[in-house]
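For reference, the structure discussed in these notes is given below.
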Amino acid sequence: MKSIDNKNSVFCCYHCNTSTTLNLTFEAFFYACPNCGTIYSKNLNNDYVFKERLGEKNYENSFSIGQIAHFYDEPYTVISFLIKSNSSQSRWIEYVLQNENGEFLYLSESSGNFILLEQIEYEKKVGNHPNQIDYQGKTYDRYDYSSPKLDFASGYFDFNIIKRHELIEYILPPFIMSFEKFEQNQTAFFGKHISRKKIKKAFNTNQIPSKTSVGTIQPFIINFRNLVLTFSFIAILILLTHWYLNNERTEQEVLNTTIPFENYKSKDYISPTFELKGSSAPLQISVYSEVNNSWANVQVALINEKTNEEIYATKDIEYYHGYTEGENWTEGSTSEDFNICGVSSGKYHFTVTPIKAPEDLNNSHISIKATWNKPSLRNFFMTVLFMVIFSAIIYYLSKKFEEKRWSDY
């Protein structure tokens, strides 16, 4: 029999002669060979004796005994790992890591998803599997409970790895409460989902298992509650900004005139200068002409007198009517409305080019009226509608994500 020195633990497997050397700060009562899975336990003489031999590994470990990882800005050494499975055919691996101060971390990996856990004190017993538990003011839902089977072990342990225990898990993604129950004794762990990117950085490697399923506490890519709160804040901010910028603003008529066709056959009508003050708003233009089985056309140019920027719009006015096959019919209208959107403050004038059908001798004029409207809430409601639709899509996807999480176990 061979004994080990806890300061510099060295043990050579009797079965395959694989030697494992680690600096430990605790007394290891069990040792499992990383090569063949043979388990040894310490007897009363402080010697390791054969306990049992596990089968071959059926789940590849990404990290090896003695490998260093950095968590919380401290180096941790992998001192052991356990490969377990349960009745639902789920399989996972649990790594035990220790730093120089003897503090432990536990890293669980399943299907490429990682959870980092720490042992905590939790007085309430959960052996009767309550549907929910509370911890630090948050409520966790029962996810699963089982008695996992040990498939493989490697490294040094200060607890009995052979004795079967009950595992009870409660989740509130991205957090987990995990309990290991041995008879009347209960050990509690608190864990959090850790991203694959952080695992690669911690171990300084790109060689980690591929992700093949939704993790036990893997968070959805978007937090729905935070999304709704953010959208609500944005909507309130937009509304308050709109009110602040426009609470004293009134509708402004900038043009109301009648233009004779005869006087503007070869020239354009140029309106007086007008000034707009306030935030951008649509400029509504209404035109009217006494067309009768005829047409007229107007081209309007809005000119910014400071920048000389020109915005053009053209509108046809057509009205036809008649009696055909015993029925009266009409088509078109003698008036039309259109908008120039998003007109900002500044000094402007209009250039208007009126045209009518040459054969129409009865129609003599066209009327045009332009009004700079009160700022419309249309954009606000369009934004809110987008946020509502987007939120509904995210809610649906998050529900599907949760269904997948729970259906996997």
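Here are some notes:
- In order along region 206-214, the phi-based Karplus estimate (6.51 cos²θ - 1.76 cosθ + 1.60, θ = phi - 60°) of 3J(HN,Hα) comes to 10, 8, 10, x, 5, 7, 10, 7, 6 Hz; Gly and Pro are listed as x.
- Think of the chain as a dipole: +1 on every Lys or Arg Cβ, -1 on every Asp or Glu Cβ, centred on the Cα centre; then among Ile221, Ser294, Leu107, Leu107 lies furthest on the positive end.
- Span-like helix ranges in the chain, DSSP H, alpha carbon extent 20 angstrom or more, Kyte mean at least 0.5: 224-246
- Three-way shape label, region 250-374, alpha-carbon gyration tensor, a/c 1.5: prolate
- Loop-resident GluC sites (Glu not before Pro) (DSSP state other than H, G, I, E or B) in region 167-230 with no more than 11 further Cβ atoms inside 10 Å of their Cβ: Glu183.
- Gyration tensor (alpha-carbon) shape descriptor, region 113-226, a/c threshold 1.5: oblate
- Rounded, prolate or oblate (a/c below 1.5 giving rounded, otherwise prolate when a/b exceeds b/c) for the chain by Cα gyration tensor: prolate
- Under 19 Å of direct C-alpha separation, and excluding same-chain neighbours fewer than eight residues apart, Lys42 reaches these aspartates and glutamates: Asp5, Glu27, Glu52, Asp158.
- Cα→Cβ-extended label distance, 7 Å offset, between Lys315 and Ala392, nm: 3.4 nm
- Of Lys125/Lys149; Lys84/Lys181; Lys267/Lys369; Lys57/Lys211; Lys315/Lys369, those spanning more than 25 Å from alpha-carbon to alpha-carbon: none
- Residues with amide H under 5 Å from that of Ile366, placed H, sequence gap 5 or more: Ile259, Phe261
- For region 151-268, the dipole from Cβ point charges (+1 on Lys and Arg, -1 on Asp and Glu) about the Cα centre works out to 640 debye, to the nearest 20.
- Ranking of Ser213, Ser333 by count of other Cβ atoms within 10 Å, fewest first: Ser333, Ser213
- Residue-by-residue Karplus 3J(HN,Hα) for region 339-356, coefficients 6.51, -1.76, 1.60, Hz, glycine and proline x: 10, 9, 7, x, 7, 8, 5, x, 9, 9, 8, 9, 10, 10, 10, x, 9, 9
- Segments 63-73, 360-370, 145-155, 222-232 sorted - mean Cβ within 10 Å per residue, highest first: 145-155, 360-370, 63-73, 222-232
No lab work stands behind these numbers, since they all come straight from the coordinates. In this text the structure is predicted, and so the values were computed from the model without any measurement. FYI the Cβ positions are ideal-geometry reconstructions off the backbone, even for glycines, and counts take in every protein chain you see.
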